[in-house]
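In what follows, a single structure is set out as structure tokens and then discussed.
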Amino acid sequence: MYKTYKVLGILLTYPESAWIENLEEFQTIMENEGLLCPLHQQSLRSFCEHLKTENLFRLQEHYVEWFDRTPSLSLHLFEHVHGESRSRGQAMVDLLTVYQKKGISLKNGELPDYLPAFLEFLSHQSPHEARDLLKEAQPIISAIGERLKQKKIGYHVVFDALLISSPKIMVKPSCRPA
């Protein structure tokens, strides 16, 4: 089980002072687990430094603008595949069933396709299971990450880190430029 997935998920949630105060601890967790190569750890370290020094209200304003108001950057994975169709509802029910079979319950009102919730779920799985599940989400994660990179939005480093830990790209992380 990798806590790195949980940390990456937290980095993708609405910025709050409570978790920003724990960024040093989060970096230590990611470095100690070694799931990510040093290049990506450094990128995340720089991103975390930015989060610590930026005005919280400004971080929150940008977060809402990017992830809540820009459909192409939505952190709800099934929106990218199903839009608002009925098939999205069934896909969420299916994913929720997977969570429940593994003993994971979501916070009240949280949707199962919300990327931070999915990453929290991955953090409770064996490394092999987590990588297999992440592989299924890789095309969406890649697309969002690329859009963030094109817009020069620093959150792209979190998506780069997720992709590098995906089995489709590699089994063991190595350093490649992000």
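The values are calculated or read from the model by the stated rules, or taken from the named source; none is laboratory data. Owing to the predicted nature of the structure, the values given are computational and were not obtained by experimental measurement. All Cβ positions, glycine included, derive from the backbone under ideal geometry; neighbour counts span all protein chains shown.
Numbers at a glance
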{"read-out": "Number of positions in the range 23-37 that are exposed (fewer than 13 other Cβ atoms within 10 Å of the Cβ) and of a type outside the set (V, I, T)", "value": "3"}
{"read-out": "Residue in the range 126-156 that is surrounded by the fewest Cβ atoms within 10 Å (Cβ to Cβ), counting only those that are in contact with a helix residue (DSSP H, G or I) (Cβ under 7 Å, 6 or more places away or on another chain) and not in a helix (DSSP H, G or I)", "value": "G154"}
{"read-out": "Residue tally, condition charged (D, E, K, R), assigned to a helix (DSSP H, G or I) and without any contact (Cβ under 8 Å) to a residue 12 or more places away in the chain, over the range 89-125", "value": "2"}
{"read-out": "Where a residue in the range 55-76 is on the phi < 0 side of the Ramachandran plot and its partner, wherever it lies, is of a type in the set (K, R), with Cβ under 9 Å and at least six apart", "value": "W66/K151; T70/R147; T70/K151; S72/R147; L73/R147; L73/K151; H76/R88"}
{"read-out": "Restricting the range 110-157 to residues that are of a type in the set (D, E) and in contact with a His (Cβ under 9 Å, 6 or more places away or on another chain), the residue that is farthest from L35 (Cα to Cα)", "value": "D113"}
{"read-out": "Matching entry among E25, E84 (being part of a helix (DSSP H, G or I), of a type outside the set (F, W, Y) and either out of contact with any strand residue (DSSP E or B) (no Cβ under 9 Å at 6 or more places or on another chain) or at negative phi (or both))", "value": "E25"}
{"read-out": "Scope the range 42-54; condition among the β-branched types (V, I, T) and in contact (Cβ under 8 Å) with a residue 12 or more places away in the chain; matching residues", "value": "none"}
{"read-out": "Test set (1) part of a helix (DSSP H, G or I); (2) modelled with pLDDT of 95 or more; (3) more than 21 Å from L122 (Cβ to Cβ) - A18 fails condition number", "value": "(2)"}
{"read-out": "Evaluation of H40 against (1) assigned to a helix (DSSP H, G or I); (2) in contact with a Phe, Trp or Tyr (Cβ under 7 Å, 6 or more places away or on another chain) (one fails), failing number", "value": "(2)"}
{"read-out": "Those residues of the range 139-178 which are among the aliphatic types (A, V, I, L, M), at pLDDT below 95, over 12 Å from the mean Cα position of the chain (by Cα) and under 21 Å from R45 (Cα atoms), in sequence order", "value": "I164, A178"}
{"read-out": "Counted residues, the range 2-15 - those being in a loop (DSSP other than H, G, I, E, B) and among the hydrophobic types (A, V, I, L, M, F, W, C)", "value": "1"}
{"read-out": "Per-region count, the range 43-81, residues in a helix (DSSP H, G or I), of a type in the set (S, T, N, Q) and surrounded by 15 or more Cβ atoms within 10 Å (Cβ to Cβ)", "value": "1"}
